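Everything on this sheet refers to the single structure shown next.
The values are calculated or read from the model by the stated rules, or taken from the named source; none is laboratory data. Keep in mind that what you see is a predicted model, and the values were worked out from it rather than measured. Positions of Cβ are backbone-derived with ideal geometry, glycine not excepted, and every protein chain shown enters the neighbour counts.
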Amino acid sequence: MTTKTLYKSYIIEEYQLDEEPYYVPVGDEIELFEAAYRERLPLIFKGPTGCGKTRFVEYMSYKLGVELRKNSKRTDDSDSVNLPLVTIACHEDLTSSDLVGRYLLEGDQTVWIDGPLTRAVKAGGICYLDEVVEARKDTTVLIHPLTDHRRMLPVEKRGELLEAADGFLLVLSYNPGYQSALKDLKHSTRQRFVSIEFDYPPLEIEAQIVQHEAGVDEKTASQLAKLGEKIRNLKEHGLGEGASTRLLIYAGKLIASGIPPRRACQVSVNWAVTDDHSVQQSITEIIASIFE
Amino acid sequence: MSEDSINDKWPELKKFPESVEKNFISSLSAMPDALSESQIRDWYQQGISLASQTVRSWESAAHFFAVSPSVLKSMPYSYFEKWMECGEKLCNESPTLASAYFESSPGTMSQLRSRHIEEWASLGDQLYKGTWKSSTLACRFFVLSPILLSQLSFNQLQTFSQFLDKLAHRSYDLALECLNLGEQIFPLVGEDKDAFLSLATALVETGWREVKSFFDSGAKALPRIDPDERIRFLQLAENLVKNGGTNIPGTMLEISQSLAELDQEKHSVVLALSESLLEFEPLAMPDFINSSPMIFEKLTTSQFGKWYEEGVNVIQNNPDAGIAYFKVESAHSENTIEMLSSGIEFDRIKTVMEMYCRGLAGAEIKLSSTEALVEKNIGWVSKNSPTTEGSTVFVPTIVDRYPTKEENFAWFKVVSTHQVAHLEFGSFIFDFNKKSALFDDLRAILEKKQLDAIENSKKSNEILDESSSTTEFSETSQNLEKAWISDMQRFFNLFEDRQLSLDIFTVVESARLDAKVLVEYPGIKTFYLQVQNDSLDDRPDIKELPAREAIVEFMLRVSLQQYEGVSIPLKYKSEIQQIIQIMKRVTLHESLVEDSAEASIRIYAIIASIPNEDIPEEDWEDPSFDDEEDYEDPDEMEQMLMDMGMGMEMELRPEGEEDYETMQEVEYRGDFKPELSQLMNEMRMQQQDQSGGAQGDPLTQDQLKELLENSAELDMQTVQGEIQESSGVFADNLIKEAGTNLPQSPDDNQGKYVHVDEDGGELQPGEPETFVYDEWDFRAEDYKPRWCIVKQKLMQEGDPAYFSSTLNEYSTLVTRIRRQFEMMVPEMLRKERKLSDGEDIDIDDVIENMVDIKAGSSPDEKFYWRRNKVQRDVAVAFLLDTSASTAEAIDEGKGRQDEWDAPDDPVEYMVWLRTRRGQQMRRSYKRIIDVEKESMVLLINALEAIGDVYGIYGFSGYGRENVEYYTVKDLQENFSDKVKRRIDRIAPLHATRMGPAIRHTAHKLNQIDARTKILFLISDGRPQDRGYSREGVEKEYAVHDTKMALDEAKKIGINSFCLTVDKSGHDYLKTMTSDMGYEILDDINDLPERLLVLYRRLTM
Ligand SMILES: Nc1ncnc2c1ncn2[C@@H]1O[C@H](COP(=O)(O)OP(=O)(O)OP(=O)(O)O)[C@@H](O)[C@H]1O
Ligand SMILES: [Mg+2]
């Protein structure tokens, strides 16, 4: 059914992590997350693109999952205890059915298929709604009852109210950067969450991350991190956002596979962050100073 | 001879006034003896016949007799007869003329060949036309003949008189003036009088009114030109005259001025090219010459030739383009220069390099030219040395030291990187009390010892001499007690020889920075090292320096990586070894500016113990050091500190020692003034503190002056005038520069936080179309109720043509933007689902519907979809700052002044005026408001394409009861010719009281029914108004009120965005717009384009 992909362009990922994701803490975000999780307080991550929000939530779901298993050793069915992570990338055509679920035809029968949110609610996992401002406003209202003490998800079509399993937690991400005035979180939505602010990690940590993720040597990694820092200094001067950690990692990967560093930075970082010619030239000069 | 015998012998004499007889008698005895009796008689008869001609001709006769003996001395009698004859003839015409002729004869004859007598007389005669004016001219000609002949050959004199004659046809006055000027000008013309005269004669024919100013300007212009080239200059001018050039004197002045700016050896090059240019387009020649000094700044002579040739190519195809080319008012010309030159101009790389520096330093650094810094007169005097004062990096206007562009650019980059390193690696955040990373800290100990020493000397002074005035030390100590002293200053106060300590610190700190740059920026390493290496070329011969200076020089060489080939004084080898070890430590990775300070103390201690004596030639050697050893503080450190603290070395100094003189700076490192920079930073901070909540007493002008006088960084000699005076000037300028408002005396700052408009109360809106709003007082944390009155008016109407001409001017941009905006439209076509009728069925919804039927739940019958033009539901109000400051010119440099005088002749004047006006219209400078207006035009054009609801308002005002609010286009209004007309009339008015204007706009938006409402504020600076922001004291008030107004808007669902062109906007905009967006435009010219981009982004 090709027509389907026309608008069902969202990706649903539902997986539980088997391996510990690599994550380097930058501040007290781990403690905050843990505390919030203990109290089942929903979270909102604020931060620029590519600064590690997604990675962090993956890491936390793994970490908390492991702890859960450890604590429930006695019951001896540790396999059944887990903390799945459901990531939903939001976009403006996302309907409530897409989140909650719908009936499908199967032969003569109609079959109800849970949407990702429902699945997360049932499974007691972490549901990560990425770029939530992209979603329609009426969609965001859907999550309201999930975030207060009721922890309920109304499934209208089936006329039922689903109570979230114990492990369930809702996490939103939100990039406050250059937002369109049309798209802003409603206050009533925003005020239901604990927000954790993210920013690009400080130089040393970022270097460490780049080194690990891109597989470059220490020197190159710290040069890349330095480049990131310098470019971010240019924010508000024609640069909407600075170079993300993700971009630095891209550059690192190119370098690791043999592209000369200046060239690698040029194609993966410089051209990605700005269209402004003179800003590009300035960044070219910065790249040329940092890399041989 | 008795009276009787005279009466007998020369009876006619008695008929005339006495002077005739008297002159005759006295001359008679002076006549040469060789004259025969009959010759004497002839002479006598001649005189008498002169005297008898008319009633007043006896005067001529008197002159005739008086000068005869001396005239006769310079010629044989035969010519003397000719002379008399000529005199007689002249007298026939006019006795006055004859008198002048006789009178000037002795002088003239001594310079004139006798055979020219007749011709000379006839020259005067020709000028005389029987009128009174012509007589004055002719007489004057005779009178000046001796002087003129001392400059001119007789032939030239003839030409000159012909010229005068011609000119006299037009105006006797003018001819007379030129005659008088001749006296001054001919000596200046030198060898080229023929050319000058022929030019003058040519001018009479083409534009006789200019002749006099030609003489005037000739006198000014010629001395400026290489004497060998003056003739070419004059010929060029003449050529111009012949080719219909106008305002020749003005042009001559101008081009001579331009030539004067060039080295004399370039004159022949420029003139030769000018001559060949005449073949193509003579009228372009002056522009060519006038441009040449500017071009020679950038190009070599051969490159200059190439630039010229390209110009000739252009001019052959299109004379107008050629003229623009030679004026350097065409892009082609500029590009040609840029392409030919190897130099790098600051202006061309400013944007890129400024951004580069900002990136590196992570601060709002500005990049500026050193010229600008020198002009500020705050202590920096060199136009060539790059430097920074903590917030701006200053670099030379042009760099042309290497043969290629790449290298010159690289030099620029090295220089900028080094200067930025001061900021990036913290030279100016030196903290006296902060621990260094690599040394044991001695600063505090040394200071203590110093204070102790002062204390002791005070005590002993008191014992010795009760009345003795305070010593130098106690003054320093008073300084120390003052709260107002920068850390850097406190540090330098530790040293007796401030200059020496500053030099040491400079070298050490530069070495630290260079080391850091080389590690952090390996990409520029190669060229950085090359620049370091090249700096060695300009160093003085170390062997000529006395010991201390030699050691400092040696340190400097080491810091430039020169380890070999520098000699050192043999006997100080171990000291130098130590110094090198200390310096090496500073170049380690962890080092801080405090380490440089600690290192400087140690090095100073070592150098101060060495007398500053000349070292004999044989006592030098090229050292070799083993660099294995690491530095350790010596055991006698304690003692050394003690010595330094007491300032003892003074007394121990040996005889014949020289004063320490400062080292020669390294060009790429430039002019490092840590003390001054820190002072400025602190003054800026003080400024900010003051508006927040003052802490400590502010620095007064006098204190500042004193601080400046103590500093070693101000080279007071370089600046003219007394130290006292110049430090006062610096102080004033510094204060201006830091933007501080220092109180003259500490006690006039009372009432600092009293708001000016505190008195008075609520206001009532009286007239219609007035609105009253509250104002937020952040100190009281409350609103001032009904505080401001907004008067809403319709903007006046002007010329609608402005609208279309702006669109024309920006036609490329207009097309592009229009396209972009039109592209927004399909983006807005959203697929609308769940309709009961539409383009097609939605397969998903159909399934769902069927499923619902099967599942038995109530089915949803709406499963059609349609591409629907979703109503873009945006209402936006643009609020334009039309305060007085928007009248500021954008590019002040362009406002060129024309120097030449207006012509006298009314007709010519009108022509002149018209062309001038025309030029001004075209060239007229642009103001901020103009760009704002243009932006509005483009905006309207774009918005009309997408159909958003929009309004445009301007605001200004004076005082809280008078906030003017002008409607250009109301939100509900349709776009019309009226709107076009109103735009034309947008003009700068008064102050900027933003709060009420925002409130009023919000009020308007609130009445509109739209899903998205945006308030777009376009301003050129911070809010300020009478009683709204007392400059320098309470800017905060306005900023807070504005913020509050924006917050209020937000609460009723209006999003705001501020776009400003105030470069210093970051500080307050952050506060003002908190969560909302803002952007600062680096270049106001980007406003139109940027505004549209932002608008798109905001509403998508
Ligand atoms: N603290 C960190 N520890 C480990 N890796 C990190 C960290 N921060 C960023 N990264 C790396 O940066 C990459 C980008 O981060 P991530 O995808 O989480 O960004 P994001 O914040 O979700 O961005 P977006 O808002 O665009 O979705 C990750 O793949 C990871 O490699
Ligand atoms: Mg992500």
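Are any residues in region A:134-165 in a loop (DSSP other than H, G, I, E, B), out of contact with any Phe, Trp or Tyr (no Cβ under 9 Å at 6 or more places or on another chain) and at pLDDT 85 or above, and if so, which ones?
Going residue by residue through region A:134-165, those that are in a loop (DSSP other than H, G, I, E, B) are A:135-136, A:143, A:148-151, A:159, A:164-165.
With out of contact with any Phe, Trp or Tyr (no Cβ under 9 Å at 6 or more places or on another chain) added as a condition, the list becomes A:135-136, A:143, A:148-150, A:159, A:164-165.
Hits for region A:134-165 are A:ALA164, A:ALA165.
Looking at A:ILE205, A:ILE290, A:ILE231, A:ILE209 in this structure, which one is more than 14 Å from chain B (Cβ to nearest Cβ), crowded, with 20+ Cβ neighbours inside 10 Å and touching a residue at least 24 places away in the same chain (Cβ under 8 Å)?
Numbers: A:ILE205 fails: crowded, with 20+ Cβ neighbours inside 10 Å; A:ILE290 fails: more than 14 Å from chain B (Cβ to nearest Cβ); A:ILE231 fails: more than 14 Å from chain B (Cβ to nearest Cβ).
When all the criteria are applied, what remains is A:ILE209.
Can you confirm whether B:GLU309 is more than 23 Å from the chain's Cα centre (by Cα) and surrounded by fewer than 19 Cβ atoms within 10 Å (Cβ to Cβ)? Explain how you work it out, then say what you get.
Numbers: more than 23 Å from the chain's Cα centre (by Cα): yes; surrounded by fewer than 19 Cβ atoms within 10 Å (Cβ to Cβ): yes.
Taking the combined requirement at face value, the residue satisfies it.
So that you can scan it fast, the table gives a plain yes or no per residue for (1) at pLDDT below 75; (2) out of contact with any Ser or Thr (no Cβ under 9 Å at 6 or more places or on another chain); (3) part of a loop (DSSP other than H, G, I, E, B); (4) within 14 Å of chain A (Cβ to nearest Cβ):
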{"position": "B:VAL846", "(1), (2), (3), (4)": "no, yes, no, yes"}
{"position": "B:MET850", "(1), (2), (3), (4)": "no, no, no, yes"}
{"position": "B:LYS854", "(1), (2), (3), (4)": "no, no, no, yes"}
{"position": "B:GLN871", "(1), (2), (3), (4)": "yes, yes, yes, yes"}
{"position": "B:LEU880", "(1), (2), (3), (4)": "no, no, no, no"}
{"position": "B:ASP898", "(1), (2), (3), (4)": "yes, yes, yes, no"}
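Residue under question is A:THR220, and the condition is that it be under 22 Å from the mean Cα position of the chain (by Cα) and either within 14 Å of chain B (Cβ to nearest Cβ) or at pLDDT 90 or above (or both); does it hold? Steps first, answer last, please.
Details: under 22 Å from the mean Cα position of the chain (by Cα): no; either within 14 Å of chain B (Cβ to nearest Cβ) or at pLDDT 90 or above (or both): yes.
No.
Only one of (1) within 15 Å of B:LYS327 (Cα to Cα); (2) among the hydrophobic types (A, V, I, L, M, F, W, C); (3) in contact with a helix residue (DSSP H, G or I) (Cβ under 6 Å, 6 or more places away or on another chain) fails for B:ILE231. Which number is that?
Among (1) within 15 Å of B:LYS327 (Cα to Cα); (2) among the hydrophobic types (A, V, I, L, M, F, W, C); (3) in contact with a helix residue (DSSP H, G or I) (Cβ under 6 Å, 6 or more places away or on another chain), the lone unmet condition for B:ILE231 is (1).
So which residues in region B:953-974 are among the acidic types (Asp, Glu), modelled with pLDDT of 80 or more and under 21 Å from B:ARG786 (Cβ atoms)?
Step one: list which residues in region B:953-974 are among the acidic types (Asp, Glu), which gives B:961, B:964, B:970, B:973.
Going one step further and asking which of them are modelled with pLDDT of 80 or more, we end up with B:964, B:970, B:973.
Hit for region B:953-974 is B:GLU964, nothing else.
Would you point out the residue of region A:111-138, among those that are in contact (Cβ under 8 Å) with a residue 12 or more places away in the chain, under 24 Å from B:MET850 (Cβ atoms) and within 14 Å of chain B (Cβ to nearest Cβ), that is farthest from ligand 1 (Cβ to nearest atom)?
The qualifying residue farthest from ligand 1 (Cβ to nearest atom) is A:TRP112.
Would you point out the residue of region B:333-351, among those that are within 14 Å of chain A (Cβ to nearest Cβ) and buried (at least 21 other Cβ atoms within 10 Å of the Cβ), that is nearest to B:ASP287 (Cα to Cα)?
Let us first name the residues in region B:333-351 that are within 14 Å of chain A (Cβ to nearest Cβ), namely B:344, B:347-351.
Right, trim to buried (at least 21 other Cβ atoms within 10 Å of the Cβ) and you get B:344, B:349.
On the way: B:ILE344: 24, B:ILE349: 27 Å.
Result: B:ILE344.
Tell me yes or no: at least one residue of region A:13-24 is at pLDDT 90 or above, crowded, with 18+ Cβ neighbours inside 10 Å and either within 21 Å of A:THR118 (Cβ to Cβ) or more than 8 Å from ligand 1 (Cβ to nearest atom) (or both). Don't jump to the end; show me each part of the working.
Step one: of region A:13-24, the residues at pLDDT 90 or above are A:22-24.
Now drop any that are not crowded, with 18+ Cβ neighbours inside 10 Å, which leaves A:23.
Now restrict to residues that are either within 21 Å of A:THR118 (Cβ to Cβ) or more than 8 Å from ligand 1 (Cβ to nearest atom) (or both): none.
No, the conditions are met nowhere in region A:13-24.
Every residue, every condition in (1) surrounded by fewer than 16 Cβ atoms within 10 Å (Cβ to Cβ); (2) within 16 Å of ligand 2 (Cβ to nearest atom); (3) at pLDDT 80 or above; (4) within 14 Å of chain B (Cβ to nearest Cβ), yes or no:
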residue: A:ALA35; (1), (2), (3), (4): yes, no, yes, no
residue: A:ARG40; (1), (2), (3), (4): yes, no, yes, no
residue: A:LEU64; (1), (2), (3), (4): no, no, yes, no
residue: A:GLU67; (1), (2), (3), (4): yes, no, yes, no
residue: A:SER72; (1), (2), (3), (4): yes, no, no, no
residue: A:PRO84; (1), (2), (3), (4): no, no, yes, no
residue: A:GLU92; (1), (2), (3), (4): yes, no, no, yes
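Starting from region B:295-318, keep only residues that are in contact (Cβ under 8 Å) with a residue 40 or more places away in the chain, then list their pairs with residues that are not hydrophobic (A, V, I, L, M, F, W, C) whose Cβ atoms are within a distance under 6 Å, requiring at least 6 positions of separation or different chains.
B:LYS298/B:SER341; B:LYS298/B:GLY343; B:LEU299/B:SER341
Given (1) touching a helix residue (DSSP H, G or I) at 6+ places or on another chain (Cβ under 6 Å); (2) more than 14 Å from chain A (Cβ to nearest Cβ), where does B:ALA361 come up short, assuming only one miss?
(2)
Here is a check on your reading of the model: is B:ILE248 buried (at least 23 other Cβ atoms within 10 Å of the Cβ), at pLDDT below 90 and in contact with a helix residue (DSSP H, G or I) (Cβ under 9 Å, 6 or more places away or on another chain)?
Numbers: buried (at least 23 other Cβ atoms within 10 Å of the Cβ): yes; at pLDDT below 90: yes; in contact with a helix residue (DSSP H, G or I) (Cβ under 9 Å, 6 or more places away or on another chain): yes.
Considered against the rule, which asks whether it is buried (at least 23 other Cβ atoms within 10 Å of the Cβ), at pLDDT below 90 and in contact with a helix residue (DSSP H, G or I) (Cβ under 9 Å, 6 or more places away or on another chain), B:ILE248 comes out as yes.
Taking A:VAL269 as the residue in question, decide whether it is β-branched (Val, Ile, Thr), within 11 Å of chain B (Cβ to nearest Cβ) and part of a helix (DSSP H, G or I). Outline the logic, then answer.
On the way: β-branched (Val, Ile, Thr): yes; within 11 Å of chain B (Cβ to nearest Cβ): no; part of a helix (DSSP H, G or I): yes.
Criteria not met by A:VAL269.
Tell me which helices (runs of 4 or more DSSP H) are completely within region B:501-592 and hold 3 or more residues being among the β-branched types (Val, Ile, Thr) and in contact with a helix residue (DSSP H, G or I) (Cβ under 9 Å, 6 or more places away or on another chain), or say none if there are none. Steps first, answer last, please.
On the way: elements: B:525-535, B:547-559, B:573-586.
Because the criterion is at least 3 residues that are among the β-branched types (Val, Ile, Thr) and in contact with a helix residue (DSSP H, G or I) (Cβ under 9 Å, 6 or more places away or on another chain), the helices (runs of 4 or more DSSP H) in region B:501-592 that meet it are B:547-559, B:573-586.
Only one of B:GLN419, B:GLN450 is at pLDDT below 85, crowded, with 23+ Cβ neighbours inside 10 Å and closer than 30 Å to B:ALA599 by Cβ. Can you tell me which? Spell out how you get there, then give the answer.
Working: B:GLN419 fails: at pLDDT below 85.
None of the others qualify; the one that does is B:GLN450.
Among the residues of region A:42-64, write down those that are more than 7 Å from ligand 1 (Cβ to nearest atom) and either aliphatic (A, V, I, L, M) or assigned to a helix (DSSP H, G or I) (or both).
A:LEU43, A:ILE44, A:VAL57, A:GLU58, A:TYR59, A:MET60, A:SER61, A:TYR62, A:LYS63, A:LEU64
Might you let me know whether region A:116-132 holds any residue that is surrounded by 14 or more Cβ atoms within 10 Å (Cβ to Cβ) and over 25 Å from A:GLU58 (Cα atoms)?
Restricting attention to region A:116-132, the residues satisfying the condition of being surrounded by 14 or more Cβ atoms within 10 Å (Cβ to Cβ) are A:116-132.
Of the ones still in play, those that are also over 25 Å from A:GLU58 (Cα atoms) are none.
Looking through region A:116-132, none of the residues is surrounded by 14 or more Cβ atoms within 10 Å (Cβ to Cβ) and over 25 Å from A:GLU58 (Cα atoms).
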